[in-house]
Each structure stands twice: as C-alpha cells, then as structure tokens.
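Input: a single structure, listed below in structure tokens.
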Amino acid sequence: DAKTTQPTSMDCAEGRAANLPCNHSTISGNEYVYWYRQIHSQGPQYIIHGLKNNETNEMASLIITEDRKSSTLILPHATLRDTAVYYCIVRDTGTASKLTFGTGTRLQVTL
Amino acid sequence: GAGVSQSPRYKVAKRGQDVALRCDPISGHVSLFWYQQALGQGPEFLTYFQNEAQLDKSGLPSDRFFAERPEGSVSTLKIQRTQQEDSAVYLCASSLNRGSSPLHFGNGTRLTVT
C-alpha cells in the first residue's frame, strides 16, 4: 500500500470546521483513500472513503485533489466528541486487502 | 448484534500462560482481520481470513500466535506461552468481500501479561 503523510497533531475550536490534510503522492490508480478515527479505548471507527470524486456522508466530507496526491477530511462543525486520532489510509481493494495504519493526526477540539 | 463483538474486553495473563481471544464479526461479513495495537501506536496487521480460509498470516509475530475461523464466522486468536511484549490491544475487524467495502472494527481485547 502507498504511504500517507499526516500532521502529528491539530487543534480546532468547537463549532468550527476541522480540516485534516493527508498527502499520498505515490497513490496508484486502483487505490482508495480511507479515513478512520480512534477515540481512546475504542476500536478504529470508519468515517468515509473515496477514489477520485469528493464524497460526503453524515459524519464528514472527503475532498480529493484532481491529481489524487492529497486529500482533506472535513468535519463541518467539530464537537468535543470529535477529539480523536484520525488515520488516512490508502488501500488497494483489488483483493479485499488489509488496511495499513500510520501514526495519524491527533485532533484536539477545544471550547 | 450490530457491530463486531470481542471478548473478553480485558485479559490479564501471567507470563507463560496461553490465552484465547474471541471475535464475533458482523453477520454476513466474509472477510475477517486481526490487528495488534501497542500503546501509543497505530494498529498493526496480524492476519486475514476469507470465510474459513486464512489467506494472509504475514503479520503474526511468532509461531506462538495462531488464529482460526473454522466455520467462517467466529474467530479465535490464540497466543501460547505469553510474554510481556505480547501486552497490547488486539483488534478484530470484518468486512464484506466486495469492492471497496470498509473494515468495521470491534473495541478490542486489552491483554496485559505480568
């Protein structure tokens, strides 16, 4: 799987949009971008994934650049409960393959 | 149940004991994955099943680690002769075996070897 680069940590004020960047410059054509988050003492929670088009669901939006070398996860109105480690992962889904986690971004939402 | 269920939630073992960790995947999910997460680190892949077939065990750290899924549903991760470095959270995930279906994780079993 291609590697990803994320900032180690970020802060966001409650109620504001949290924009989490991810670089994946070596991504190949059949690799999807997945985002997960992990709140303390819980397993990773699936957020969203996409191939080339922007995606939106009830949790977040995923913006992928046209060259697919980077993406941004947007939490439109962050709350304290969004404080977590966010993982950006690229995955070749040709053979239902595993996810390879990096170190993620620790997002701290503050009052 | 609605999600992946793992038991026990916590396990304390004396060094040298054998342990067995259970995973109940989401009903109908063909693929099942085991991960190990050390404190402060991201999850590390251990092994992968498609139905009852173990297709990838490249992440198992030693021959003391063994996983099975005999009927293609519930899976057990067994660690023999536990050592202190085996202390970690063991996570199970399942997914549908099609396209880009995401993995869904349980909350893990925290193993402490004393």
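Details
- The residue that is farthest from the other protein chains (Cβ to nearest Cβ), counting only those in the stretch B:47-57 that are open to solvent by 20 Å² or more (accessible area, probe 1.4 Å) and free of Cβ contacts under 8 Å to residues at least 24 places away in the same chain, is B:E52.
- Residues of the stretch A:47-60 classified as within 20 Å of A:P76 (Cβ to Cβ) and either open to solvent by 50 Å² or more (accessible area, probe 1.4 Å) or among the polar types (S, T, N, Q) (or both), total: 7
- Filter result for B:E85 (outside any loop (DSSP other than H, G, I, E, B) and more than 14 Å from the chain's Cα centre (by Cα)): yes
- Looking only at the stretch A:5-35, residues that are over 10 Å from A:A78 (Cα atoms), buried (at least 19 other Cβ atoms within 10 Å of the Cβ) and not acidic (D, E) come to 8 in all.
- Top-ranked residue of the stretch A:1-46 - restricted to ones that are of a type in the set (D, E) and in a strand (DSSP E or B), ranked as nearest to B:R9 (Cα to Cα): A:D11
- Among the candidates A:T100, A:T110, residue that is open to solvent by 10 Å² or more (accessible area, probe 1.4 Å), at the interface with chain B (Cβ under 9 Å from one of its Cβ atoms) and touching an Asp or Glu at 6+ places or on another chain (Cβ under 7 Å): A:T100
- So B:E44, is it under 11 Å from the mean Cα position of the chain (by Cα), under 18 Å from A:S97 (Cα atoms) and without any contact (Cβ under 8 Å) to a residue 60 or more places away in the chain: yes
- Every residue from the stretch B:91-114 that is surrounded by fewer than 20 Cβ atoms within 10 Å (Cβ to Cβ), at pLDDT 95 or above and closer than 23 Å to B:I26 by Cα: B:N107, B:R110
- The stretch B:11-43: number of residues that are of a type in the set (A, V, I, L, M, F, W, C), part of a loop (DSSP other than H, G, I, E, B) and open to solvent by 80 Å² or more (accessible area, probe 1.4 Å): 1
- Hits in the stretch B:58-90 (condition: charged (D, E, K, R) and either within 30 Å of A:A84 (Cβ to Cβ) or buried (at least 19 other Cβ atoms within 10 Å of the Cβ) (or both)): B:R69, B:E85, B:D86
- Among the residues of the stretch A:56-103, the ones that are closer than 22 Å to B:T47 by Cα and part of a loop (DSSP other than H, G, I, E, B) come to 11 in all.
The values are calculated or read from the model by the stated rules, or taken from the named source; none is laboratory data. Note that this is a predicted model, so its numbers are computed, not measured. All Cβ positions, glycine included, derive from the backbone under ideal geometry; neighbour counts span all protein chains shown. Keep in mind that these areas ignore ligands, DNA and RNA; they rest on the heavy atoms of the full protein, side chains included. Shrake-Rupley method; radii C 1.70, N 1.55, O 1.52, S 1.80 Å.
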